Amino acid sequence: MRYLAEFYLPRRGADLAGLARRARATAEQSSRAGAAVHFVSAIHAPEDESCFVIYEADSPAAVTVAGSLAGIAFDRIVEVATNDANDVADEAG
């Protein structure tokens, strides 16, 4: 399942690339420890000072653990359906 995790990220001084690296690394670390978690993408909406991270995971609890390892406290986590470029390519092939 895919989950969207939301948290506050100020517009100034935000390092989205660094955050994505941490989120990816800690998802891998969390997976090695037991719960399957895969980082998919990070999105920053500076005007709203919001950040969203998409994970593939077995449960919202697994996403919470991965975020905690990255030093991120999520405000909410919801299950989402996505259709990105890879999904479209898979359907065409």
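Only the coordinates and a few stated rules stand behind these numbers; no lab work does. This one's a predicted model, so the numbers in the text were calculated from it and none came from an experiment. No Cβ is skipped: glycine too gets one built from the backbone with ideal geometry, and neighbour counts run over all protein chains shown.
If we sort 71-84, 22-35, 49-62, 3-16 on the protection proxy, mean other Cβ atoms within 10 Å, highest first, what's the order? Write down the numbers at each step before the final one.
Values: 71-84: 12.1, 22-35: 17.3, 49-62: 18.8, 3-16: 14.4.
Those peptides, ordered most packed to least, come out 49-62, 22-35, 3-16, 71-84.
If each residue of separation counts as 0.36 nm, what is the full-extension length gain between Ile43 and Gln29 once their alpha-carbon separation is subtracted? Could the numbers behind the result be given before it?
Numbers: separation 14, 0.36 × 14 = 5.04 nm, distance 2.15 nm.
Difference between extended and current length: 2.9 nm.
Considering amide H positions built from the backbone, and no H for Pro or chain starts, which residues 5 or more places from Ser50, or on another chain, come under 5 Å of its amide H?
Leu9, Ala45
Using unit Cβ charges (K, R positive; D, E negative) and no other charged atoms, how large, in debye to the nearest 20, is the dipole of region 9-93 about its Cα centre? Before the final figure, lay out each step's value.
Details: 7 positive and 13 negative charges, 109 e Å.
So the magnitude is around 520 debye.
Label the chain by shape, choosing from rounded, prolate and oblate, from the square roots a ≥ b ≥ c of the eigenvalues of the Cα gyration tensor; if a/c is under 1.5 it is rounded, and otherwise prolate applies when a/b is larger than b/c, oblate when it is not. Let's see the in-between values first.
Working: a/c = 1.73, a/b = 1.16, b/c = 1.49.
Oblate.
Just want the answer: with Cβ charges of +1 for Lys and Arg and -1 for Asp and Glu, which residue in Pro60, His38, Ala73 is farthest toward the dipole's positive end in the chain?
After comparing all options, I get Ala73.
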